[in-house]
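Colleague: The following block contains the structure, expressed as structure tokens.
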Amino acid sequence: MDDRHKQRQVPHFPGISAPTGARLLSALSFLILLSSVLLAPSFAQDWVRTGSGLGVEKARLAVPDFKPASADPQNAALLKTFNDTFWNDLDNSGVVELVSKSFYPLQVPGQPAEVTSNLWSAPPPNAAMLAFGNLGVAGGKVTVQGWLYDVKNTASPQILGKQYTDVPTDDATRLIAHKFADEIIFRLGGGIPGIAESKLYFVSDRSGHKEVWAMDYDGSNQHQITHQGSISLSPRISPDGSRLAFSSLTKSGWDILMFSLDLNRLISFPRFGGTNLSPAWSADGTSLAFSSSRSGDSQIYVCDASGNNLRRITAGKGPDVSPVWNRKTGAQVAFVSGSTGLPQVYTMEADGTNQQRMTDQGYAVSPGWSPNGQFLTLAWIRKYGPGEPGSSDIYLMDIASKQWVQLTHDGGRNDFPSWAPDGRHIVFQSSRSGKEEIWMMLADGTKLHQLTFTGRNTQPNWSWK
Amino acid sequence: MKRNNVKNIDLKPQTLKTLATVTALGAVLMLGACHKKAAPPPPPPPPPAASPTAAISVSPDTIQPGQSATLTWQTSNATDVSIDGIGAVQPSGSQSVNPTDSTTYHLVAKGSGGTQEASTRLTVTQPPPPTQAVTPSPTDEDLFGRNVQDVYFDYDKSNIRGDQQTSVQGDAQFLNQHPNISFTIEGHCDDRGSTEYNLALGDQRASSVKSALTGAGVNASRIKTISYGKEKPFCLEDNEACWQQNRRGHFVYQK
């Protein structure tokens, strides 16, 4: 299997190595870049390291540790939490290149008055941007002051100046770091909001049953949401973040259940009969698509968010499962069908017309629709046959051209990719560490890192903002 | 090996002489006793005509058919002793009996002093019916477990393949003969597929078995179906033999 991945690596690529023109530090250019990769058919079946580092120069950002602003005994611990979280957020953002701390001047600033721009803009740091500040605990509050400076613009360097105050807890301090990181990412990442405050919902068996859990996007703050005591799967968070639809084995079979995160309990949702799986929210939050075998084969159904107005949108030979809406238009649905044998990914209009098969071979499941509407992610075993099962990897497909690129290459079974709201990150499950865990990467396959380590953790779903 | 020491005891001539002397002396003393004559006894008086006594018992006094009991009797001053059903017997004695019905043994002892009677009763009980715990008759659930065969599937398939038709026909035959049994068909898949698709596939497998049974006359109202996808595998190894175990329609008796 691994040999397949080593067939040919193409070091140069016309669409990438040629200057793409404007050195936009934006996600738009990143996506344009990806699509240019995908539109080059002769390279589609090779392992191409695509990415924003190849054709676009990212801003070099220096992030010296924030300085302590008080002698409170809590100060040191919270400062460490802040610095670790803040660095990690910026490092994983995919929009900046962090300057190694070994290049920093000995004296780092905690206040604007302490900044000497040319110490940062000149080699060795050679930074374009500098994020700095201080954290102090006083009077039962933690206060963070942070600045973003364009150190090449000596006349008017300040891009951002922010102050945050909250209760002096670890959680609150992490949130402050996320908020300030997102401000920076928003400005340096083409105006697309950062994801540091986003959440991940997933299935974990660590309580002894498969239940729905939640965590921050960086793997911190993992906590159990449901307590069904049976098998709960396929958690899907509503666009406004208030409700969680999932599929659970109840006394009557597999039902779609609805959990209110505001009320912290299940709220009523109709039981349709048959096996009901894989709910998916439309981007406007008004509709759910899911699969149901209530009339025989598993077919795709759509209902209102309340569960009313149920209608079937696929017919014929199934099974059809795992629908997902076009997040941009809300007018199309991608899904998986086994109507021709091994499961393949299809798209269709939300009324079931105009079905298009997207994958040409193998075993293709778990489609995810990118926030800009242009791409699908999927889990694909391209070479599949008795005796020679290939590995399941995450792929990115341009919907218009059906050109694809393979994002994971490193072994294990990789499944259930889910897009971050910024369109730059993908979270997925992988068994590459020996058991199924949640991993995250940039949409070009880089910055791969593991988020969960306890129990088996599967089917991650990223919040919409 | 060390040999055991054997002690030799010599019989010396002096020892033998001593023994001979003691023996001779004993013989002389005994001869002396024989010479002493006893006085003749007086003739006994004629005994009075004593009335006879009689007693009879049986042990145990309760048996089951085929078992035996021991009848024991004693008499005195009797010249003619008999037991009803047995006949003349010794004045005292015992005898094994094994009647199939309850019997009263009547002993009559006649002597010159009169007649004495005694009786005892031996009860023969009918055996209790054999206890249920020893050889229970099989329940519907037992029969279901013994006769209903799971149905196995090919990879990614939910149609019932040729070599499984015998199982399905046997299942239908048994279920038609036991119309009161309700049951669940669980659809299972091997773990190579994806979670959501496997649940749909398992659903199709369960439905496929259900329609084969209803086609063979089994009432659909008796059948529940549920898919477990790859959530509850029978076998956890990573090989075809194990995967085949996990691709099945599994029958569960509904209590």
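Colleague: If you consider only alpha-carbon coordinates, what radius of gyration and Dmax does the stretch A:176-242 have, in Å?
Modeller: 14.8, 45
Colleague: With N set to the number of residues, divide the alpha-carbon radius of gyration of the stretch A:146-199 by 2.2 N^0.38 Å and report two decimals.
Modeller: 1.28
Colleague: Separate question: Projected area of the stretch A:57-198, taken from the Cα convex hull and averaged over every viewing direction, in nm²?
Modeller: 8.2
Colleague: Roughly how tilted is helix A:75-92, in degrees to the nearest 10 and between 0 and 90, from the longest Cα axis of chain A?
Modeller: On a 0 to 90 degree scale, this one is about 60.
Colleague: Report the normalised scattering of the stretch A:79-144 as log10 I(q)/I(0) at q = 0.28 Å⁻¹, calculated by the Debye formula with identical scatterers on the alpha carbons.
Modeller: -1.34
Colleague: Under a no-solvent Debye model with one identical scatterer per Cα of the stretch A:335-377, what's log10 I(q)/I(0) at q = 0.14, 0.16, 0.25, 0.27 Å⁻¹?
Modeller: Log-scaled intensity ratios, in q order: -0.31, -0.41, -0.93, -1.03.
Colleague: Taking each residue in A:291-298, count the Cβ atoms of any other chain within 10 Å of its Cβ, then average. What number comes out?
Modeller: The shielding value for this peptide is 4.
Colleague: Just to check, using Stokes-Einstein with a Kirkwood Rh over alpha carbon pairs, what's the diffusion coefficient of the stretch B:118-241 at 4 °C and 1.567 mPa s in µm²/s?
Modeller: 75
Colleague: From other protein chains only, count the Cβ atoms within 10 Å of every residue's Cβ in A:318-325, then give the mean.
Modeller: Mean partner shielding for this stretch: 4.
Colleague: Please report how far the C-alpha centroid of the stretch A:199-220 lies from that of the stretch B:194-242, rounded to the nearest whole angstrom.
Modeller: Result: 28 Å between the Cα centres.
Colleague: Counting Lys and Arg as +1 and Asp and Glu as -1, what is the net charge of the other residues whose Cβ lies under 9 Å from the Cβ of A:G189?
Modeller: +1
Colleague: In angstroms, what radius of gyration and Dmax does the stretch A:371-451 have, counting Cα atoms only?
Modeller: Gyration radius and largest Cα-Cα distance of the stretch A:371-451: 12.6, 40 Å.
Colleague: Would you list B:T103, A:T275, A:T359, B:T62 from fewest to most Cβ contacts within 10 Å?
Modeller: B:T62, B:T103, A:T359, A:T275
Colleague: What does the stretch A:233-305 give for Rg and for Dmax, in Å, if only its C-alpha atoms count?
Modeller: 11.6, 36
Colleague: Also, quick follow-up: Report relative contact order for chain A in percent, whole number only (criteria: Cα-Cα under 8 Å, sequence separation at least 6).
Modeller: Computed over chain A, the figure is 11 percent.
Colleague: About its Cα centre, what dipole magnitude does chain A give when the only charges are +1 on Lys and Arg Cβ and -1 on Asp and Glu Cβ, stated in debye to the nearest 20?
Modeller: 520
Colleague: Grab the eigenvalues of the alpha-carbon gyration tensor for the stretch B:54-209, scale each by 5, take roots, and send me the semi-axes largest first in whole angstrom.
Modeller: Here the semi-axes work out to 79, 12, 11 Å.
Colleague: Shifting gears a bit: To the nearest 500 deg cm²/dmol, what mean residue ellipticity at 222 nm is calculated for chain A from DSSP H runs of n ≥ 4 alone, each contributing -39,500 (n - 2.57), summed and divided by the residues?
Modeller: -4000 deg cm²/dmol
Colleague: Okay, next question. Work out, in µm²/s and without decimals, the Stokes-Einstein translational diffusion coefficient of chain A at 20 °C, 1.002 mPa s, Rh from Kirkwood over C-alpha pairs.
Modeller: In µm²/s, the coefficient rounds to 91.
Colleague: Let me confirm one metric for peptide B:201-211, namely the mean number of other chain beta-carbon atoms within 10 Å of its residues' beta-carbons.
Modeller: 4
Colleague: Compute the distance from the alpha-carbon center of the stretch A:84-145 to that of the stretch A:443-465, in whole Å.
Modeller: Here the answer is 27 Å between Cα centres.
Colleague: What whole-number distance in Å separates the alpha-carbon centres of the stretch B:45-124 and the stretch A:281-322?
Modeller: 96
Colleague: Based on the inverse mean of 1/r over its pairs of different Cα atoms, what is the Kirkwood hydrodynamic radius of the stretch A:199-350, in Å?
Modeller: 15.7
Here, each number is a calculation from the coordinates, and none is a lab measurement. It should be emphasised that the depicted structure is a prediction, and the values quoted were computed from it without experimental measurement. Positions of Cβ are generated from backbone atoms using ideal geometry, with glycine treated the same way; all protein chains shown enter the neighbour counts.
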